[in-house]
Amino acid sequence: QRPSLLVDKGRDEQPDISVVTLTEAISISCDEGNDLIGLNLDQKPPVIKCVDYNRFMSDMRRKTKSKSANAGGGIKRTKQFSFKSGIDDHDLQRKVTNMVSYLEKGHASQVFLSSNRRNLVQDKNVITTTLSRIQEIVGDVGKMQGQLKLNEVGNRGSILFQPNSKRSKSN
């Protein structure tokens, strides 16, 4: 059984393919100062490649990374935003604009809402009021996922905003 040796002379050149014995393959790899890597050992004849192992592995990582980025399989992080009830309009606008920029990039945004007792005494629905203000600014860039989750006291809540698939950019 004679292995098929694929000698890679460089990135820009075509590989030099030759069918040699295993001892010849080892001597060629020693002369080139490279390693032998088995590409398809089950094939008849087996295919091995003479290349620098570190360069080969870095090329493989680069290929898999670019494939996952092109397939939209890149890791999308969930950004967390905290809002207190009774937040000033300008501060709310600034924070929600920052959240919208993440939604436009295709990231989900987790919104945490909190209130102190003074605001709860004045308005029992202060959390939902703040959420509706946030939703009004977000507009059609993102949509709420599920229902607002409130704690037993009703002074803390959270909800997830997902980017609208029509408007999100794939980065």
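The values are calculated or read from the model by the stated rules, or taken from the named source; none is laboratory data. If you're wondering where the values come from, they're calculated on a predicted model, not measured in any experiment. Here the Cβ positions follow ideal geometry from the backbone for every residue, glycine too, while neighbour counts run over all protein chains shown. Surface areas here come from the heavy atoms of the whole protein model, side chains and all, with no ligands, DNA or RNA. Shrake-Rupley method; radii C 1.70, N 1.55, O 1.52, S 1.80 Å.
The stretch between R94 and S27, if pulled fully straight at 0.36 nm per residue, gains 17.5 nm over its current Cα-Cα span. Set the bar at 22 Å for Cα to Cα. Now go through K79/K143; K67/K95; K84/K149; K105/K143; K79/K124 and name every pair that lies beyond it. Exceeds cut-off: K67/K95; K79/K124.
Computed over protein heavy atoms with a 1.4 angstrom probe, the accessible surface ordering of F112, F161, largest first, is F112, F161. Stokes-Einstein diffusion for region 86-171 at 10 °C, viscosity 1.306 mPa s, with a Kirkwood radius from C-alpha pairs, works out to 118 µm²/s.
Within region 67-161, report the GluC sites (Glu not before Pro) that DSSP leaves as loop and that have at most 10 other Cβ atoms within 10 Å.
E152
Ignoring ligands, DNA and RNA, what accessible area per residue does region 64-164 give at 1.4 Å, in Å²? Display every interim value, and only then the final one.
Details: 6490 Å² over 101 residues.
That works out to 64 Å² per residue.
Computed with every protein chain present, the accessible area of K105 is close to 90 Å² [probe 1.4 Å].
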